[in-house]
Amino acid sequence: MTADKILVLLFSGLGIVFTYWFFLMRKEEEVRVVGNSIDITVEGGYKPDVISIPEGKTTKINFLRKDPSSCLEEVVIGDFKIRKFLPLNEKVSIEITPKKKGEFSFSCGMGMFHGKLIVK
Amino acid sequence: MMETKTYPIKGMHCASCVRLIERAVGKVPGVNTANVNLATEKLTVAFDKNECSSDQIASAVEGAGYKAIINENIEEDKQQEEKLKELQSLKIKVVASLFLGSLIVWGSFPFLMQFSPYPLQIFWIQLILGSIVQFWPGLTFYHAAIPAFKNRTANMDTLVAIGTTAAYLYSLAVTIFPYIFESLGIEPEPYFDVAAIVIGLILLGRYFEAKAKLGTSEAIKKLLGLAPKTARVIREGKEIDVAISEVIVGDLIRVRPGEKIPVDGEIVEGESSIDESMVTGESIPVDKKQGDIVIGATINKAGSLIFKAGKVGSDTMLAQIIKLVQEAQGSKAPIQRIADLISAYFVPIVIMLAIATFAVWYVFGPAPAFLFSLLNSIAVLIIACPCAMGLATPTAIMVGTGKGAERGILIKDAESLEIAHKVNTVIFDKTGTLTIGKPQVTEIFGDKKVLELAASLEKGSEHSLASAILEKADAEGIRNLEVTGFKAIAGFGIEGKVNGEKYIFGNTKLMEKEGFNLADFEQKIEELENQGNTVMILAGPNKALGLVAVADTLKPSAKDGVQSLLAKKIEVVMITGDNKRAAEAIAKEAGILRVLSEILPQDKEAEVRKIQSEDKIVAMVGDGINDAPALASADIGIAMGTGTDVAIEAAGITLVNKDLRSVASAIELSKKTMRTIKMNLFWAFGYNVILIPVAMGVLYPFLGILLNPIFASAAMALSSISVVSNSLLLKKVKI
């Protein structure tokens, strides 16, 4: 095997490991809601994407979409039966009052970007 | 970004209200100025859209003790406006990239280039054309991929961005340093056409997809469009036109022929025929008179009416329907979970497969190995289509729930829609569901005294059959006798004294208990019960005097409703508290073979569970009020609409059209929607599972087949369009 082939194999292997680590081993950072509202920036995903909210209390989640990608134009919180259009650069408030503890995912309209609500 | 908006305010009286509201709204972070006009009762706010929302302003107004009206249509209008703008810009980008891309193809494709003008064959000209496409229409992909990358996530745009950038950068290098490639034994040939055409075709796919997606939410738009804008309110003896948001409960409202009824309420004067099809899906106009309920957004066909507003704003039936449909469209079907799980890992896996493709082709592929590696790994990135998987379920759910709403079938959530297609047994509650729910006296056996005594005794009763007897006595002009010592004997009947003599009125069990001989009546009782009547006997002081037969009539849609279920091989059961003979008679009339009779209301739930234990998937159809526990314990509860309440907690499906044939239609709608979802998922998964390996070149060793990235982009564009279009086909199915 020639040197260039060995190099290509080596870099490809590294590339695959990097891709796995970079996208699939991302640590989730949980943000606890202080007060009764939280702002989520929608840009290449949700920032923050894991938020913990208290059970039984109404929490206002303010989404602000800065990303023009049509993929992120809707946010879906299936367990709370919410599908909301997010106009670009405009704050959209969604109020939820979780009645039970647990983890509930939310995503963009096509299910490509994900976030999580942890009810404690 | 600053924006100015105006909101109508309710509840203002004086100048101090103005200051109060202005101060409260002024304190909201992001609000620049807030001005209230007392004369027009309007608040105008200049605020930063990034920092606060209309909701926050409205809650500040509410905190001050007033109400700001946020028009719900605004959101829909904005969505529509933004979508149209997006479509327009996409159109320009598609035309530009395909036009410039075609010029590059003309100047570089082996056969075509012989007929092309010389300048198009120059690499530097191709570089200019390719760069325009890459950094103008193609910028869309970078705009989405870069923030995602920063966030350590990847999506569809990431794949297109990496794929086209690889092709572009390679071509750029070839153009600038052709001699390096020549020295490596690679013919210096740029692939600007690949990058440009791929961008053009994927944007074209996105254009058609966005256009088709607009159609999936059409039902909500139609419902929102139904809401009337003004109402003619009678205040202080004068008729004035006011905005719909200003109508309050208790207002008297005039509706002239041909006009829309503005809100829900009760007719106080006049009668008319009302077309309710747009809200309830009921196709035949309904005749209404004083005391009847009218529904907002329906059309008054004939007479002039005055009605009292009973429900306004978000409480009206139309507003509840819109909310229910919106919620259903926001919910997730259990079948979607698998697609969600896969799409979370999909894009990184495709990137890894593309890298592996590059390595394998470079090491084991034929010469020129580098070119094969590059083009095949680009093809892998481009052909992968996560969008189709993501769109498969929600688009079908949106069209399905919307179609249901148009027909008066309101589905609470995607899960209910999913379960309904598995139903193989439908249990109908009898009274008020299969029957009209208003019993009438059908026969009196005995002399005139029988009705006179029965009606007098029933005067003090609260039993549902009492009203039927009193109505009959009224119609015959019979006056009531004075009754003393009235007593109701639960489950049996009633007793009381008339002129000092004791009479009893009730079922055969009561007669047996009191020791009356019914020999003379037995044949008549059997005959009446076999016809579906509930028979009550009047007796006293020492013998049975006569019979009163009462019956409820089947709804006109009952027979067809049962038949259409039987035609789908669904077992139909009737459940009732009536005695066996009467129950069987009415079931026979409706065409129902299995009857559960003499079931007390509290035991209906247990009966539902018993049938479920026979491995049946059960739908329970009832009014949703008296039989809520039974509805909730069934696999799916179907409530027949009553009045103007549509959000019946225990029911997964509410039939606001009150048509029993819709039970079968709802099941059919569920079947068709599920079939569409399964087809979509099968297509979306199958597409990726088959074509990604083809793009990797697995067929090359056997058949010599490779996939050009341009064909890959055409396939990928068609894939998501076909999923959305397939969902839209649901609009055309017959249910």
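Could you list, in sequence order, all residues of the stretch B:630-679 that are surrounded by fewer than 24 Cβ atoms within 10 Å (Cβ to Cβ) and part of a strand (DSSP E or B)?
B:642, B:645
State all residues of the stretch B:200-249 that are acidic (Asp, Glu) and part of a helix (DSSP H, G or I); if no residue qualifies, say none.
Going residue by residue through the stretch B:200-249, those that are acidic (Asp, Glu) are B:209, B:218, B:236, B:239, B:241, B:246.
Matches in the stretch B:200-249: B:209, B:218, B:246.
Can you tell me how many residues within the stretch B:441-453 are buried (at least 16 other Cβ atoms within 10 Å of the Cβ) and under 25 Å from residue B:576 (Cα atoms)? I'd like the intermediate steps shown before the answer.
Within the stretch B:441-453, the first condition is being buried (at least 16 other Cβ atoms within 10 Å of the Cβ), and the residues that meet it are B:441-442, B:444-446, B:450-453.
Filter once more, keeping what is under 25 Å from residue B:576 (Cα atoms): B:441-442, B:444.
Summing the residues that are buried (at least 16 other Cβ atoms within 10 Å of the Cβ) and under 25 Å from residue B:576 (Cα atoms) in the stretch B:441-453 gives 3.
Out of (1) over 30 Å from residue A:70 (Cβ atoms); (2) among the charged types (D, E, K, R); (3) within 14 Å of chain A (Cβ to nearest Cβ), the odd one out for residue B:264 is which?
Answer for residue B:264: the failing condition is (3).
Could you look through the stretch B:344-376, keep only residues that are surrounded by fewer than 23 Cβ atoms within 10 Å (Cβ to Cβ) and among the hydroxyl-bearing types (Ser, Thr, Tyr), and pick out the one that is farthest from residue B:674 (Cα to Cα)?
B:362
Residues of the stretch B:146-177 being crowded, with 24+ Cβ neighbours inside 10 Å and aromatic (Phe, Trp, Tyr), which ones?
Scanning the stretch B:146-177 gives a single hit, B:168.
Could you please give the count of residues in the stretch A:45-57 that are of a type outside the set (S, T, N, Q), touching a residue at least 40 places away in the same chain (Cβ under 8 Å) and either over 13 Å from residue A:113 (Cα atoms) or in contact with a Ser or Thr (Cβ under 7 Å, 6 or more places away or on another chain) (or both)?
Residues that pass the stated criteria total 7.
Answer yes or no as to whether residue B:154 is outside any loop (DSSP other than H, G, I, E, B), within 36 Å of the chain's Cα centre (by Cα) and at the interface with another protein chain (Cβ under 7 Å from one of its Cβ atoms).
On the way: outside any loop (DSSP other than H, G, I, E, B): no; within 36 Å of the chain's Cα centre (by Cα): yes; at the interface with another protein chain (Cβ under 7 Å from one of its Cβ atoms): yes.
No: the conditions fail for residue B:154.
Among what's in the stretch B:225-274 and is more than 15 Å from residue B:317 (Cα to Cα), among the charged types (D, E, K, R) and surrounded by 13 or more Cβ atoms within 10 Å (Cβ to Cβ), pick the residue that is farthest from the chain's Cα centre (by Cα).
Checking each candidate, the answer is B:269.
Please work out if residue A:67 is within 27 Å of residue B:209 (Cα to Cα), assigned to a loop (DSSP other than H, G, I, E, B) and either out of contact with any Leu (no Cβ under 6 Å at 6 or more places or on another chain) or small (Gly, Ala, Ser) (or both). Break it down stepwise before answering.
Values: within 27 Å of residue B:209 (Cα to Cα): yes; assigned to a loop (DSSP other than H, G, I, E, B): yes; either out of contact with any Leu (no Cβ under 6 Å at 6 or more places or on another chain) or small (Gly, Ala, Ser) (or both): yes.
Here the answer is yes, as residue A:67 does meet what is asked.
For the stretch B:589-625: of the residues being in contact with a strand residue (DSSP E or B) (Cβ under 9 Å, 6 or more places away or on another chain) and of a type in the set (S, T, N, Q), which is nearest to residue B:566 (Cα to Cα)?
B:612
Show me the helices (runs of 4 or more DSSP H) found entirely inside the stretch B:59-144 where at least 2 residues are more than 14 Å from chain A (Cβ to nearest Cβ) and in contact (Cβ under 8 Å) with a residue 60 or more places away in the chain. Steps first, answer last, please.
Details: elements: B:72-108, B:118-121, B:123-135.
Where helices (runs of 4 or more DSSP H) fall fully within the stretch B:59-144 and carry at least 2 residues being more than 14 Å from chain A (Cβ to nearest Cβ) and in contact (Cβ under 8 Å) with a residue 60 or more places away in the chain, they are B:72-108, B:123-135.
(1) within 29 Å of residue B:333 (Cβ to Cβ); (2) more than 8 Å from chain B (Cβ to nearest Cβ); (3) in contact with an Asp or Glu (Cβ under 9 Å, 6 or more places away or on another chain): which one isn't true of residue A:30, the others all being true?
Single failed check for residue A:30: (3).
Could you say whether any residue in the stretch B:623-636 is touching a Leu at 6+ places or on another chain (Cβ under 6 Å), in contact (Cβ under 8 Å) with a residue 60 or more places away in the chain and farther than 13 Å from residue B:419 by Cα?
No, there is no match, as no residue in the stretch B:623-636 is touching a Leu at 6+ places or on another chain (Cβ under 6 Å), in contact (Cβ under 8 Å) with a residue 60 or more places away in the chain and farther than 13 Å from residue B:419 by Cα.
Go over the candidates B:496, B:404 one by one and state the one that is buried (at least 21 other Cβ atoms within 10 Å of the Cβ), over 29 Å from residue B:600 (Cα atoms), touching a helix residue (DSSP H, G or I) at 6+ places or on another chain (Cβ under 8 Å) and small (Gly, Ala, Ser).
Values: B:496 fails: over 29 Å from residue B:600 (Cα atoms).
After ruling out the rest, the residue left standing is B:404.
Just give me the residues in the stretch B:339-370 being more than 10 Å from chain A (Cβ to nearest Cβ) and touching a Phe, Trp or Tyr at 6+ places or on another chain (Cβ under 9 Å), in sequence order.
Within the stretch B:339-370, B:365, B:366 meet the criteria.
Take residue B:179 and tell me if it is among the hydroxyl-bearing types (Ser, Thr, Tyr) and under 48 Å from the mean Cα position of the chain (by Cα).
On the way: among the hydroxyl-bearing types (Ser, Thr, Tyr): yes; under 48 Å from the mean Cα position of the chain (by Cα): no.
No; evaluated as a whole, the condition is false for this residue.
I'd like to know if the stretch A:80-93 contains one or more residues that are of a type in the set (S, T, N, Q), part of a strand (DSSP E or B) and at the interface with another protein chain (Cβ under 7 Å from one of its Cβ atoms).
Looking only at the stretch A:80-93, we keep the residues that are of a type in the set (S, T, N, Q), and these are A:89, A:93.
After this cut, where a residue has to be part of a strand (DSSP E or B) as well, the list is A:93.
From what's left, at the interface with another protein chain (Cβ under 7 Å from one of its Cβ atoms): A:93.
Within the stretch A:80-93, one or more residues are of a type in the set (S, T, N, Q), part of a strand (DSSP E or B) and at the interface with another protein chain (Cβ under 7 Å from one of its Cβ atoms).
Where a number appears in this text, it was derived from the coordinates with a stated rule and is not lab data. Here the structure is a predicted model, which means the values were calculated and not measured. As a convention, Cβ positions derive from the backbone with ideal geometry for all residues, glycine included, and neighbour counts pool all protein chains shown.
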